[in-house]
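Bear in mind these aren't lab numbers, they're just calculated from the coordinates by the rules spelled out. Here the structure is a predicted model, which means the values were calculated and not measured. When we count neighbours, we look across all protein chains shown, and the Cβ atoms used for this are built from the backbone with ideal geometry, even at glycine.
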Amino acid sequence: MKTFRVGDIVTVTEKEEAYYSNYGGNPVCFLEPGETGVIGAVKVPKVFRTPGGDYFCCIDFVKDGREWRAGVDYGNIKLVKHIN
């Protein structure tokens, strides 16, 4: 598992749909490769066994003036900058 810290600036290697995207009147929203976000939580346990390990990170990002969060497998995260 890669080492990321809360506050690190990251991007994704594959587009990831945000929580509550296209739900309850919200627009569809994806975090796209090259767009940056901030790690909000690390080593979050998965509820269901899915490929990519037992844990994921939460990435917070802003798109079209709104704050969003996406759950992303460690293998799909690329570090842009460590924050101390």
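Evaluated with a Cβ-only charge set (Lys, Arg +1; Asp, Glu -1), the stretch 1-46 carries a dipole of roughly 300 debye about its Cα centre, given to the nearest 20.
Close amide H pairs (under 5 Å, H built 1.01 Å from N) link ALA41 with CYS58, residues at least 5 positions away or on another chain. Here the 3J(HN,Hα) profile of the stretch 54-61, calculated from phi with Karplus coefficients 6.51, -1.76 and 1.60 at θ = phi - 60°, is 8, 10, 9, 10, 9, 10, 9, 8 Hz, Gly and Pro shown as x. Lysine pairs in the chain whose alpha-carbon atoms fall under 22 angstrom of each other, counting only those eight or more residues apart or on distinct chains, come to 15. Please list, ordered by chain and number, the residues whose modelled amide H lies under 5 Å from the amide H of VAL80; skip anything fewer than 5 residues away on the same chain. Here ILE9, VAL10, THR11 satisfy the definition.
Quick one: Debye curve from the alpha-carbon atoms of the chain only, equal weights, vacuum; give me log10 I(q)/I(0) at q = 0.23 Å⁻¹ to two decimals. Debye curve over Cα of the chain, log10 I(q)/I(0) at q = 0.23 Å⁻¹: -1.12.
For the peptides 45-55, 64-74, the ranking by mean Cβ contacts within 10 Å, running from highest to lowest, is 64-74, 45-55. A cut-off of 5 Å between modelled amide H atoms, ignoring neighbours fewer than 5 places along the same chain, links GLU35 with VAL12. Averaging Cα coordinates gives a centre for the stretch 26-41 and one for the stretch 55-80; these two points are 5 Å apart.
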